[in-house]
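Q: To start, I am sharing the structure in question, which I have written as structure tokens.
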Amino acid sequence: MQRFIIEVSTDGNSEIVNLSSEINSKLRGIEGEGLLHLFIIGSTAALTTLEYEPGLVKHDIQNVMQRLVPDDVPYEHEATWNDDNGHSHVRAAMLGPSITVPFSNGKLLTGEYQQVVLIDFDTRPRMMSGGVIPPSATSAAQASSRFQHDTYFTQSVW
């Protein structure tokens, strides 16, 4: 079994980080077809795909999220924990902590303008790391089946 680590630093506040090139570099050299499953451990960040272009990344996603889940209204979470990130949890829950993407011969099978991204909705900087863990193909059944790779991310406060 191999493990590949991906580290991501964010400033929070809906920062969007393009993970595609890093993931492709970790998949390089893996033959065959399979599914890459990515999962982030934590409740204030999410994974999705989108076209990673300035208008969408710097403005549109943040503007839509602010309209759907405003950061300037009271949340019961904030009263319970005496913090300021109730909206971060709700936004992350809307998109979800995981995504599954097919790959073939070491490359993600995404569209030309489709990138895998992490969105950190928290209100402070974070350092996140994760690993791509391919299962060992020790049995004939595993060897003939498609590979499945699990990627997970953990968050820590800076």
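Listed here are the residues, each with its yes/no results for (1) touching a residue at least 24 places away in the same chain (Cβ under 8 Å); (2) more than 22 Å from Ser43 (Cβ to Cβ); (3) of a type in the set (Phe, Trp, Tyr).
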residue: Arg91; (1), (2), (3): yes, no, no
residue: Leu95; (1), (2), (3): yes, no, no
residue: Thr100; (1), (2), (3): yes, no, no
residue: Asn105; (1), (2), (3): yes, yes, no
residue: Thr110; (1), (2), (3): yes, yes, no
residue: Tyr113; (1), (2), (3): yes, yes, yes
residue: Val116; (1), (2), (3): yes, no, no
residue: Asp122; (1), (2), (3): yes, no, no
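Q: Among the residues of segment 23-41, is any more than 22 Å from Leu109 (Cα to Cα), surrounded by 13 or more Cβ atoms within 10 Å (Cβ to Cβ), in contact with a Lys or Arg (Cβ under 8 Å, 6 or more places away or on another chain) and aliphatic (A, V, I, L, M)?
A: no
Q: Going through segment 1-58 one residue at a time, which ones are charged (D, E, K, R), under 15 Å from the mean Cα position of the chain (by Cα), at pLDDT 95 or above and under 22 Å from Asp122 (Cβ atoms)?
A: Hit for segment 1-58 is Glu15, nothing else.
Q: If a residue has to be aliphatic (A, V, I, L, M) and within 19 Å of Ser43 (Cα to Cα) to count, how many in segment 3-29 make the cut? Full working, then the answer.
A: Pass one, segment 3-29, residues aliphatic (A, V, I, L, M): 5-6, 8, 16-17, 19, 23, 27.
Now narrow it down to the ones that are within 19 Å of Ser43 (Cα to Cα): 6, 8, 16-17, 19.
Of the residues in that region, 5 qualify.
Q: Could I ask something else about it? Of the residues Ile16, Ile5, only one is farther than 21 Å from Met65 by Cβ and touching a residue at least 12 places away in the same chain (Cβ under 8 Å); which?
A: On the way: Ile16 fails: farther than 21 Å from Met65 by Cβ.
Matching residue, one of Ile16, Ile5: Ile5.
Q: Considering Val69, Val101, Val132, Val117, which residue is modelled with pLDDT of 95 or more, surrounded by 14 or more Cβ atoms within 10 Å (Cβ to Cβ) and within 17 Å of the chain's Cα centre (by Cα)?
A: Working: Val69 fails: within 17 Å of the chain's Cα centre (by Cα); Val101 fails: modelled with pLDDT of 95 or more; Val132 fails: modelled with pLDDT of 95 or more.
On inspection, the qualifying residue turns out to be Val117.
Q: Criterion first (surrounded by 15 or more Cβ atoms within 10 Å (Cβ to Cβ) and among the hydrophobic types (A, V, I, L, M, F, W, C)) does Leu47 satisfy it?
A: Details: surrounded by 15 or more Cβ atoms within 10 Å (Cβ to Cβ): yes; among the hydrophobic types (A, V, I, L, M, F, W, C): yes.
Yes; evaluated as a whole, the condition is true for this residue.
Q: Here's another thing I want to ask about it. Does segment 75-85 hold any residues that are without any contact (Cβ under 8 Å) to a residue 12 or more places away in the chain and either exposed (fewer than 11 other Cβ atoms within 10 Å of the Cβ) or under 20 Å from Ile16 (Cα atoms) (or both), and which are they?
A: Correct list: Glu76, Ala79, Thr80, Asn82.
Q: Restricting to segment 3-49, name every residue that is among the charged types (D, E, K, R) and touching a Pro at 6+ places or on another chain (Cβ under 6 Å). Break it down stepwise before answering.
A: Residues of segment 3-49 among the charged types (D, E, K, R): 3, 7, 11, 15, 22, 26, 28, 31, 33.
Hit for segment 3-49 is Asp11, nothing else.
The values are calculated or read from the model by the stated rules, or taken from the named source; none is laboratory data. None of these values were measured; they are calculated from a predicted model. Glycine gets a Cβ as well: all are built from the backbone with ideal geometry, and neighbour counts include every protein chain shown.
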